[in-house]
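Note sheet for the following structure.
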Amino acid sequence: MEAELKRHFLFARLDQAQFSRVLGHARRLHLDDGQSLFQQGDPASRFYLVSRGRIKLFRLAPDGNEKVIELVDPGHLFAEALMFLNRPRYPVCAQALGETEVISIDADDFLELLRESVDLCLALLADMSLRLRALIREIDDLSLHSATCRVAAFLLGQAPDGRDEFELDVPKHVIAARLSVKPETFSRIIKNLKSRKVVDIKGSQVRLLDRAALEQVADVCALPVDAA
């Protein structure tokens, strides 16, 4: 249990006394397939780290149908943010998918640790900021990837009768707006395609240098998620 917890950033900054205190209140729980961990609306007195298996978080609609919110894999925490709320309750149900193990952490005691140590709070804030910046970079990369696909598909669609040379009949900023791409992002994508010798664009004149490569770029966004 100790090694599993220390791998997560939320516990990595604890000193030995603080960590021993967390361990003293932690419990390892074994769940059978389909077993419930907590129900929507239950008091949120603990949060969890998935050790093995997977946890399904879902909400129940008034008609009894469930809406899956998240599937939590091993090594990931869930319900930890609730400890910062006043008299929190779980907003979702949690259920095991397959044989599952979770480590249960006392939320009130962990919050008290944070209240007792400004240094610990600042260290955790620094770690969270770094993780947030990494996530923002990942989102930017994914957005650029999707935009590149759309630009590639547009250029292929503009080539008349399969010819590799043609003229764009609308301004580039209009094309960018049509493709839901910022003008600066559009320029960045074109520059990248030019540097890879896929296309050559001078003013409104376009020449496809490597149609097969451009088709491959355009086709990526059309692939099913499990095939990408």
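The values are calculated or read from the model by the stated rules, or taken from the named source; none is laboratory data. Quick caveat, the model's predicted, so the values are computed rather than measured. Ideal geometry is used to build each Cβ from the backbone, glycine not excepted, and the neighbour counts take in all protein chains shown.
Can Glu66 be described as free of Cβ contacts under 8 Å to residues at least 40 places away in the same chain and either in contact with a strand residue (DSSP E or B) (Cβ under 6 Å, 6 or more places away or on another chain) or farther than 27 Å from Asp15 by Cβ (or both)? Yes, satisfied. Scanning the range 109-123 for residues that are charged (D, E, K, R), farther than 22 Å from His25 by Cβ and in contact (Cβ under 8 Å) with a residue 12 or more places away in the chain turns up nothing.
Looking across Arg52, Arg131, Arg87, one residue alone is under 26 Å from Arg21 (Cα atoms) and outside the structural domain of Phe19 (by TED's automatic domain parsing). It is Arg131.
Here is a yes/no grid of residues against (1) modelled with pLDDT under 85; (2) in contact with a strand residue (DSSP E or B) (Cβ under 9 Å, 6 or more places away or on another chain):
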{"residue": "Ala123", "(1), (2)": "yes, no"}
{"residue": "Arg131", "(1), (2)": "yes, no"}
{"residue": "Leu144", "(1), (2)": "yes, no"}
{"residue": "Ala147", "(1), (2)": "no, no"}
{"residue": "Arg150", "(1), (2)": "no, no"}
{"residue": "Ala153", "(1), (2)": "no, no"}
{"residue": "Gly162", "(1), (2)": "yes, no"}
{"residue": "Ile175", "(1), (2)": "no, no"}
{"residue": "Ile190", "(1), (2)": "no, yes"}
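Exactly one of (1) surrounded by 14 or more Cβ atoms within 10 Å (Cβ to Cβ); (2) within 24 Å of the chain's Cα centre (by Cα) is unmet by His25. Its number? His25 satisfies every listed condition except (2).
Taking the criterion of being modelled with pLDDT under 80 and surrounded by 13 or more Cβ atoms within 10 Å (Cβ to Cβ), the residues of the range 207-224 that qualify are Val220, Cys221.
Put simply, of Ala12, Ala3, Ala79, Ala61 the only residue that is hydrophobic (A, V, I, L, M, F, W, C) and on the phi > 0 side of the Ramachandran plot is Ala79. Which of the residues spanning the range 147-169 are farther than 14 Å from Asp210 by Cα and either exposed (fewer than 15 other Cβ atoms within 10 Å of the Cβ) or hydrophobic (A, V, I, L, M, F, W, C) (or both)? Matches in the range 147-169: Ala147, Cys149, Val151, Phe154, Gly157, Pro160, Asp161, Phe166, Glu167, Leu168, Asp169. When residues in the range 77-94 are screened for being touching an Asp or Glu at 6+ places or on another chain (Cβ under 9 Å) and either surrounded by fewer than 19 Cβ atoms within 10 Å (Cβ to Cβ) or over 18 Å from Leu10 (Cβ atoms) (or both), 4 of them pass.
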